[in-house]
Structures are given as structure tokens and as C-alpha cells.
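The block underneath contains the structure these notes are about, expressed in C-alpha cells.
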Amino acid sequence: MSITKDQRLSYTKEAKRILDTLNLEEKVSLMGGNVTLEGMMQDMMSDPLNKHYNYFPYPAGGIEKENITPMLFCDGPRGVVCGTGKSTCFPVSMCRGASFDTELEEKIGRAIAEEIRAYKGNLFAGVCINLPYNPGWGRSQETYGEESYHIGEMGSSLAKGIQEENVIACIKHFAFNQMEISRFKVDVKCDKRTEREVFLPHFKKCIDRGAASVMSAYNLYQGTHCGHSGYLLNEVLKKEWDFDGFVMSDFIWGVKDTVEAANGGQDIEMCCTQFFGEKLVQAVKDGLVAESKIDEAALRIIRTLLASQTENASRKEISEEKIGCKEHIDLALQSAREGITLIKNENEILPLSKEAIKKTVVLGKLGKKENIGDHGSSWVFPKYVVSPIQGIANVSPKSQVIFYDGEDIEHAKELAKEADAVVFVVGYDHDDEGEYVSEAQSEGYTGSMGGDRKDSLGLHKNEIKLIQEVGPINKNSVAVLIGGNMIMIEEWKKDVNAIMMAYYPGMEGGTAIAEILFGDVNPSGKLPFVIPYKESDLPQVDWDTESQYYDYYHGYTKLEKEGVKPSIPFGYGLSYTEFKLEDIVFSTNGNSISADATITNIGKREGTEVVQMYVGFSNSSIDRPVKILRGFSRVSLNAGESKRVQIECPVSELCWYNEANGKMELEHMTYEVYLGTSSDNQDLTQGTIVL
């Protein structure tokens, strides 16, 4: 049995019984992390080669006399951060988002939860579902894409898988956390429609589908720190959404005031107790915080922990052998295979022939780098990482593989002339983008200083020059992009014949890249973001600021609303085969809308297509997007095979937020419905339904 909401609520009576046995100090002890900053640092410094942030599950609370185990925190989302040289490192969430595979994401959740249980943890704080307002956000690699509906579907699938193994899933960072350099000081503002239609729906979906814990964000929203926000935590999360679990703060700097945080709905201060503990006990005694607030928080914590530990008691313990096991590594490889996205394949130069390609030149310093992404709180430490050049050598063993970092352009040209294929591996690593802590706040923190991509959303200048000058020399030239979000391609896309977005593809990423290059695997990833012709087509962000306003439109919805054609549309990705959609029927039963179609693989090899449904609002009496994603389905077919596919969406997903009455409302009108293979109208068939 998984720890669903109904199952958790069944422990309310027992949780209340336990609560009644506790004094104020014991109840407050549940509300703080049991790790000291000094102790954490001493532990890491005693063995700096092997110990790091979250090396062991971080405890909080626990009541020994009532046999309530502490909450035991494990970070993510690429896998379990605990340990060194053991955990499975999956591709980053952005790569997994490109798969549009909710079933696989659920399996990954179960695998991660098994490893957490093997580490003796009970909570996974790796369900990151923040929406990147601009793709320059340094930690956008930790989320699934730019689309709220898509993020909600993927994030809730991960949470479901986690909780099927009775591990508590924590969704983060609630809310409006889309900047790194300014995350501790920025005050985010937006109107109510933007809040409710763009930035909160994916959080609500995860809560509605049973996520048991929420982490608040560092930033301020409408003038109040998110970790103190009675509006976000008390009113929206706990009252409106009927959330039954507990809220924890983001680490060390997520709580800044005892009374504000406790009254604002914060249940646990993590991972060190600085403002709760004795200070919170005194605040209650002074009448500044009602003891009923403490009782509510303690009940939420006890009930959730009871559900997890009681259900786990009936299961066999998971041994450490499960950590980084072959089954989980195979899942990581499958995820990379499904997420890597083919953007361009001129003259069908891919897949490369293992027989014809006798010499492959890999150019760019990232070609031999074991590059799994950010070195902040999401840093996972696997037993090995397959680099792109290792993958190519393993997958095509008869081909001579030559690596050069590309520093000398003339030498790179000579190598390209003599090669049968040239693979540029270019993009980013943890120094370019990732979690950011300023020098003033870095004491006690071992994370990355990558930050946001504030200078450019394109490649480094030396990489652009390398591709421009060397790419045209060899007709079999491929650019493999490494990075956590959209990378601009306009300056050089004409200089190579193929472009592949590999994201940060995890510990088996080099294998998957090579398998797709040489045709062992047919690419099926779809871009979970739009690629514009110009950076100015995207919302503009000041990455070092104390105030940022979020507009209603971003990403592909912004470009469509403004009539701006993208370089590559949202949801786009090529295959080595072709698909045809026929007999499309759009319908509604009043409660949901659906699109049915027959999809046929009309090419010469097996493959997988992601069929996408969009809904349009041209008849709306209010300002709405041109169209938005409201369903998708992965379909795998052998050559010549056909299947009937149905995509369904509840009509509640079509509602807009009426600021006049504070409610989500459905417009009764004719809606456009689109079915196809990307957000581009050329790839879609349009129909209508009336609601």
C-alpha cells in the first residue's frame, strides 16, 4: 500500500492520541531539524573526499517514547544525494521531461524510493516543479520544462512512484522560485490570474494527487518570505487545497523570524534549528504564537510519519545492494534514451553507419567530461559516469575515436578533414549554471556557484567559433548540446547537419548519446521548451535584483500570442522513422474533452512518437493564450504498425481565474482542439468542441 492521502488520514486518530501525550517542548521538538551547521561541517571536513552535503539522511523531530522515527531527509531530483560512489544518477528532470513519459517517471520514483529506504531515509525532497519564467534560471535543469500542465503531470508521477514505496514525497520550492543569484532577496510579484493559472496549477495537481510534503521557497512573494507566507501556506495550501501533510523550510536561510514563520504555516525548520526550538517555545509562552498552531503542525508531522513507518513495517527491508543496482541503472539509461531530442537531421545524416564510419572525431572539452549537471544540493555521486567519448567508443568499437578539445581551430579543421564524422559536444557544466550561494552566505555550504545564465542563453563564444569554422568541413557533422534548459542555436545551426539536445543525461548519458548517433536507439524526445530566434523574444529577467514582476505569458505561449515564429517549437523532436495521424475525432462528454486518432508508423523501423493535444481560446471574451498543451501520450510502433490513441483532459483544466470573485471558471463557448506532434500549427490537425 502506498501512502496516499486517504491512507495518511486514517492515522489521524492515533496521531491525536500521541499528540495528547506530549508537552509543549516535545511538540516543538518535532518542528526542527536535528542537524547542527557546525556538526555538518566538521563531518564533511573530517573526510572531504567522501562526505558532502546530505551524505547521510538529515533527521528532524522524532518522538522516541512513542516510537515515532524522525523525518529522514534525502535530497534529489537526479537520484539520492546520500552516499558516495553508490547512488543511481538519473538524467536531470529536464531530460526526463523531454521524454513526456509519465509511466517511466513513476518507475524512476519507485527506484529512487528504494534507494532512499536502503539508505534508511524516509523522505525524498527531489520533486522540483518550479516553472522557469526564463530558461536562464540556473536550476531549471531540476524541473521538467516551461509548461505548467506538463510539469504537473511529470511531477505528480514522480511523487506517486516515490510514495508507492512508502517514502514521503516533498514537492518544492513553494512558490515562485525561478532565480538563483537573487533567490534569497528577490520579491516576486504578479497578478492573481498569473499566479493561479501559470505558477500554481502544477503544485495543486501534485497536492491533489497525494504528495505528502511541501518545501517552501527562499524568495519573497508579494512582500513576504515564502517560508512565512500565511497566504501561500495557510490560505492556499492548507485551506483551499486541503493539504493534509507538512511544510518544511528550505535549508538554513528559509526561516528568518520565529513568530512570522510559525504563524505563517511553517511546520518544520530545516535542516538546522535556529528560530524554532527554544525560541518557538518561548514565543508560545509569551502569547505570540498560539499553542493550537503548534498542535496543528505536530499533528501533520506525526500523522505523515506514522503512515510511512507503519506501512513500511510490513515490508522487507531493502539492502544496500539495491543502491545503484543494474535494474536502476538500466532505468537511468532508458530515461536518457527517451529524453535526448533530435532537433535537426539534414540529408538524414543520422544515424551514422558503424560500417562506413571508420574514424570519428569528437570536438569540444565536454566530449570527455563526466558531466551530470549542477554541483549544488542536487549533486548525486554514482559509481561511474559514461562520458560522450566513452559511449561512442563502446557503441562503435570498430571506429577509431579521436578527441580534441578544439582550442586550436586549425588543428580541429585538419582532424575534421580526415574524419568520417565529426561530433561537437558543446554547452554547459556546473560552473555555467546551477545552484548559487553568494560568498557572504557560503560558509557551511559546499554547493555550486554556477548561478543563472545572466550573460547569454547561447553557447560559449569559443564553441560557436569552433562549430562555425569546422562544421562545414565535414558533411557528417553533428552538434550534441549539453545543458539544463534551452540553448540558442541561430548563430551556428547552418554549419552542422545534425543537432541533438542531450541535456544532462545522467550516469549512462554517454551510452545513450552514442546509441542514438549510431542508430541503436531511435530518438523520441520532444523539447519541453521553445527555442526562439532571438533571446529578446523571451520574458526579460534581471538576475541580480530585489524585485521581479512575472507577466502572464512566457515561453511558447508568449511567442504565439505576439505572433512571433520560433526557431524550434515546443514539443518538437525528430525520429529516424515517420508517423501519420488519421481518423482524428474530437469530442466532449461535458466533463472532459478528448481527441482520438489512429497513428501509423509509415517508416522503415520501429519508433516512438509523442502525440500532443492543445486547446485554443480564440472565442474567449477575456485574454487567453492562443493555445495550451492539455494532454499527451507516448506511442511505440513497429514499422507499418498502427494503434488507436486517445488523449483526454478534464474540462477543469480549461478554466480561467476570475479575480472579481476569486474562483476558477469555465467559459461556455466553442474551443479549438489540436492534435499532432509539436505545438507548431503545421504539425497539428485542428477541430472544435463546444462546452
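If we only count strands (runs of 3 or more DSSP E) wholly inside region 575-691, which ones have 2 or more residues that are of a type outside the set (D, E, K, R)?
Qualifying strands (runs of 3 or more DSSP E): 579-588, 592-601, 607-616, 627-637, 642-650, 656-658, 670-676, 684-690.
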> Which one of these does V281 not meet: (1) hydrophobic (A, V, I, L, M, F, W, C); (2) buried (at least 23 other Cβ atoms within 10 Å of the Cβ); (3) part of a helix (DSSP H, G or I)?
Replying inline: (2)
> What are the pairs, 6+ residues apart or on separate chains, where a residue within region 202-229 that is in contact (Cβ under 8 Å) with a residue 40 or more places away in the chain has its Cβ under 9 Å from a residue that is basic (K, R) and part of a loop (DSSP other than H, G, I, E, B)?
Replying inline: A217/R183; Y218/R183; Y218/K185; N219/R183; N219/K185
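So which residues in region 9-60 are part of a helix (DSSP H, G or I) and either modelled with pLDDT under 95 or outside the structural domain of V247 (by TED's automatic domain parsing) (or both), if there are any at all?
Correct list: L37, E38, G39, M40, M41, Q42, D43, M44, M45, S46.
To keep it simple, each residue is scored yes or no on (1) over 22 Å from N497 (Cβ atoms); (2) surrounded by 18 or more Cβ atoms within 10 Å (Cβ to Cβ).
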site: K358; (1), (2): no, no
site: F381; (1), (2): yes, yes
site: S396; (1), (2): no, yes
site: F403; (1), (2): no, yes
site: D408; (1), (2): yes, no
> Residue check, D330 against (1) over 24 Å from the mean Cα position of the chain (by Cα); (2) outside any strand (DSSP E or B); (3) at pLDDT 95 or above; (4) surrounded by fewer than 24 Cβ atoms within 10 Å (Cβ to Cβ), all met but one. Which one?
Replying inline: (1)
>> Can you tell me how many residues within region 206-223 are β-branched (V, I, T) and not in a helix (DSSP H, G or I)?
In response: 1
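Each row is one residue, and each column tells you yes or no for (1) in the same structural domain as S477 (by TED's automatic domain parsing); (2) in contact with a His (Cβ under 7 Å, 6 or more places away or on another chain); (3) more than 27 Å from A111 (Cβ to Cβ); (4) of a type in the set (D, E, K, R).
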position	(1), (2), (3), (4)
G277	no, no, yes, no
V281	no, no, yes, no
A313	no, no, no, no
L333	no, no, no, no
N345	yes, no, yes, no
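The rows are residues; the columns are (1) small (G, A, S); (2) touching a residue at least 12 places away in the same chain (Cβ under 8 Å); (3) touching a strand residue (DSSP E or B) at 6+ places or on another chain (Cβ under 9 Å).
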| residue | (1), (2), (3) |
| --- | --- |
| S249 | yes, yes, yes |
| A261 | yes, yes, yes |
| T273 | no, yes, yes |
| V281 | no, yes, no |
| I301 | no, yes, yes |
| A307 | yes, yes, yes |
| E320 | no, yes, no |
| S335 | yes, yes, no |
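For (1) under 15 Å from the mean Cα position of the chain (by Cα); (2) assigned to a loop (DSSP other than H, G, I, E, B); (3) not acidic (D, E), each residue gets a yes or a no:
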| position | (1), (2), (3) |
| --- | --- |
| S156 | yes, no, yes |
| A159 | yes, no, yes |
| Q163 | no, no, yes |
| I181 | no, yes, yes |
| R193 | no, no, yes |
| E197 | no, no, no |
| K204 | no, no, yes |
| K239 | no, no, yes |
| I252 | no, yes, yes |
> Does region 49-65 contain any residue that is surrounded by fewer than 21 Cβ atoms within 10 Å (Cβ to Cβ), over 30 Å from F529 (Cβ atoms) and β-branched (V, I, T)?
Replying inline: no
> Take the residues of region 637-691 that are hydrophobic (A, V, I, L, M, F, W, C), within 23 Å of G555 (Cβ to Cβ) and in contact (Cβ under 8 Å) with a residue 40 or more places away in the chain: which is surrounded by the fewest Cβ atoms within 10 Å (Cβ to Cβ)?
Replying inline: M664
> Taking into account only those residues within region 489-517 that are free of Cβ contacts under 8 Å to residues at least 60 places away in the same chain and surrounded by fewer than 21 Cβ atoms within 10 Å (Cβ to Cβ), which is nearest to E535 (Cα to Cα)?
Replying inline: E491
> Does region 237-247 contain at least one residue that is surrounded by 24 or more Cβ atoms within 10 Å (Cβ to Cβ), touching a residue at least 40 places away in the same chain (Cβ under 8 Å) and either among the aliphatic types (A, V, I, L, M) or not assigned by TED's automatic domain parsing to the domain that holds V28 (or both)?
Replying inline: yes
> Are any residues in region 362-394 touching a residue at least 60 places away in the same chain (Cβ under 8 Å) and touching a Ser or Thr at 6+ places or on another chain (Cβ under 7 Å), and if so, which ones?
Replying inline: K369, D374, H375, G376, V380, F381, P382, V386, G391, I392, N394
> If you go through region 588-623 one residue at a time, how many are touching a Lys or Arg at 6+ places or on another chain (Cβ under 9 Å), of a type in the set (A, V, I, L, M, F, W, C) and within 30 Å of V521 (Cβ to Cβ)?
Replying inline: 6
> So T258 fits all but one of (1) of a type in the set (S, T, N, Q); (2) within 24 Å of E38 (Cβ to Cβ); (3) surrounded by fewer than 21 Cβ atoms within 10 Å (Cβ to Cβ); what number is the exception?
Replying inline: (3)
> From the list N234, N219, which residue is surrounded by 23 or more Cβ atoms within 10 Å (Cβ to Cβ) and assigned by TED's automatic domain parsing to the domain that holds M179?
Replying inline: N219
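The values are calculated or read from the model by the stated rules, or taken from the named source; none is laboratory data. Computed from a prediction, not measured in an experiment: that's the story for all the values here. Don't worry about glycine lacking a Cβ; one is built from the backbone with ideal geometry, like all the others, and counts go over all protein chains shown.
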